[in-house]
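Reading through the structure tokens given below for one structure.
FYI, it's all coordinate maths here, none of it is from the lab. It should be emphasised that the depicted structure is a prediction, and the values quoted were computed from it without experimental measurement. Quick reminder, even Gly has a Cβ in these numbers, built from the backbone with ideal geometry, and neighbours come from all protein chains shown.
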Amino acid sequence: MTRPTYMITTAIPYANGAPHIGHAYERVATDAFARWKRLDGFDVLFVTGMDEHGQKMQRTAEKEGLTPQQLADRTAAQFQHMGEVLNARADDVVRTTQPRHKADVLEIWRRMEANGDIYLSKYAGWYSVRDEAYFDEGELVEREGKKFAPSGAPVEWVEEESWFFRLSAYGERLLAHYEAHPGFVTPEHYKNEVVAFVKRGLEDLSISRTTFDWGIPIPPSPQTNAHHVCYVWVDALTNYITATGWLTGQGDRQKFWPADAHVIGKDITRFHAIFWPAFLMSAGAPLPKKIVVHGHLFSRGEKMSKSVGNVVDPIDLAQRYGVDPLRYFFLREISFGQDGNYSHEAIVNRINADLANDLGNLAQRSLSMIAKNCGAAVPKKDSLLEQDRAILADAAAALEKARGAMDSYRPDLALAEIFRVVAEANRYFAGEEPWAKKKTDPARMATVLYVTAETLRRLAIPLQAFIPAAAGALLEQLAVPPGARNFASAGDADSLTEGAPLPPPAPVFPRFVEPAEPE
Ligand code: ME8
């Protein structure tokens, strides 16, 4: 039987600087969605990439005394390292300087041109290099006599010959698409912004530049002698389809297009929900199914900035708190789709309250009792009482509720549901007092320990999407074989086998203890 496919992507970060916490957040969230679908039996393609062309790259490289390619190589290695450290490696990394990608960009260009959507003209207007975006006069904000993009980036006046894309022709079709596919942009409020922008009327988009050369060259045309390079957003957005070979009909990943979800931050919805679908419509390619928008992360409410000195290296955070605790913090603390805050206190609180106290203690207490009192094997259960059946049913239902939350791209709600049952299981364990029954009713003690261990198994299976190493370690301690750790094995039929030997227990979630002040 062929498994259903599922393709998910992150935005491709600009290759002009090291990864920051926003990149880490996006990568971890996308990884959790990808892992979830894999656990649920899908054939998953998880793609990330690097946005390596454009004026911003060229300028940063000049400042650092590197070639743009050297800068791109250095940054690509940093992002690869981040993916490894965060246990969030993608199946493919599309770098926009790769030959396979250049071929795809030329192909999408050719198709859009063949469709009559590309013409030569002159651009005169405002450009923000930091956003790599054009802005109308009306969108700019003025401060101290200077003009800035809505993002706060400076803008400069650009006047040059340019190839244009007939974006203005796509307004109605885009609105019809949003209407017919209500979940196309999620959450809803970002969709409303997109719809409002399209309704104000779309202007044609300049899609080539002549005043610098760090980009994909547009093939010569009898209409001009100027050397044009592709506008970096046409180039960058095309990465998603490059990963599948769909446009050029190459490779064995074509079945993954259209992508199921592009996960992006809120600052780039216009490019993903307006420009990209219009390019694809023009090129005769199917549109991605969903644009999944996340908010931005702030350090105690403040935007990260080099001048404020609050830019944190995600690798440092992973070393300080641990990879799974950091992943858990990102996914549980931030309402996906909203902006969020991070601080040392908030991270430590999540680690100690949820992971160490609730899940960690339950696992450790029950598993060490089993090791001591049940011959280091899965306990034998007696007949189940109502409360036993209730907690097992609750754990089974948590997977279904979490699946609903993950279908809506809400990892925070999925985790809230799983940890609600962790809290229930703690109450069950405390209420049943298995330690007190060791002498008086050993059969009941064994049953309670069995039920607790089985509840842990049911919860650890979905937790693998979020905290893969720790959940894996827990399943290891429960002697669940690797082939039985997916959602299809989470139910009654694959319950723990009584009498199966268990490895010695080890703590999975240590508490975070503040390092002692140096004397
Ligand atoms: O925009 N919190 O690259 P980028 C959360 N190259 N996410 C954040 C964030 C923050 N503080 N800051 C940025 C680009 N992001 C383009 C993308 S896609 C075809 C091209 C997110 O390196 C941001 O919203 O500036 C985006 O989704 C991603 O990080 C890469 O940002």
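Could you order the peptides 137-147, 291-301 from most to least packed, using the average number of other C-beta atoms within 10 Å per residue? Write out the running numbers ahead of the final one.
Details: 137-147: 9.6, 291-301: 19.4.
The peptides rank, most packed first, as 291-301, 137-147.
Considering only Leu106, Asn361, Leu478, and ranking their Cα positions along the charge dipole of the chain that arises from unit charges at the beta-carbon of Lys, Arg, Asp and Glu, the one farthest toward the positive end is Leu478. Relative to the Cα centre, the charge distribution of the chain, modelled as +1 at Lys and Arg Cβ and -1 at Asp and Glu Cβ, gives a dipole magnitude of about 1020 debye.
Given R₀ = 25 Å, what would the calculated FRET efficiency be for Asp407 paired with Glu84, taking r from the Cβ atoms and rounding to 0.05?
With R0 = 25 Å, the Cβ-Cβ based efficiency is 0.30.
Relative to the longest principal axis of the Cα atoms of the chain, the long axis of helix 21-39 makes an angle of roughly 60 degrees. Which of the pairs Lys255/Lys401; Lys199/Lys303; Lys102/Lys122; Lys56/Lys255; Lys37/Lys401 have their Cα atoms more than 23 Å apart in this structure? Exceeds cut-off: Lys255/Lys401; Lys199/Lys303; Lys102/Lys122; Lys56/Lys255. Taking only the Cα atoms of the chain, the radius of gyration and Dmax are 26.3, 94 Å. By the count of other C-beta atoms within 10 Å, a proxy for reagent exposure, Met281, Met304 are ordered fewest to most as Met304, Met281.
Available extension along the chain between Glu302 and Asn192 is 37.0 nm, counting 0.36 nm per residue and deducting the alpha carbon span.
Cross-link partners for Lys438 among the lysines, with Cα-Cα distance under 18 Å and sequence neighbours closer than 8 places in the same chain left out: Lys372, Lys380, Lys381. Stretched out straight at 0.36 nm per residue, the stretch from Arg110 to Thr497 would grow longer than its current Cα-Cα span by 133.3 nm. Here the gap between Asp267 and Leu120, fully extended at 0.36 nm per residue and compared with their Cα-Cα distance, gives a gain of 50.0 nm. Distance from the Cα centroid of the stretch 248-303 to that of the stretch 1-15 is 10 Å (rounded to whole angstrom). Quick check for you: which residues of the stretch 286-323 have the amide N under 17 Å from the point 7 Å beyond the Cα of Ala180 toward its beta carbon? So the set is 286-291. Per-residue 3J(HN,Hα) values for the stretch 479-490, derived from phi via the Karplus relation 6.51 cos²θ - 1.76 cosθ + 1.60 with θ = phi - 60°, read 6, 7, x, x, x, 10, 10, 9, 5, 5, 9, 7 Hz in sequence order (x marks Gly and Pro). Each Cα pair of the stretch 314-421 feeds into the Kirkwood radius, which the Stokes-Einstein equation turns, at 10 °C and 1.306 mPa s, into a diffusion coefficient of 99 µm²/s.
The charge dipole of the stretch 151-268, taken about the Cα centre with unit charges on the Cβ atoms of Lys, Arg (+1) and Asp, Glu (-1), comes to about 400 debye, rounded to the nearest 20.
Distance between the pseudo-spin-label points of Arg427 and Arg143 (7 Å out from Cα toward the beta carbon): 5.0 nm.
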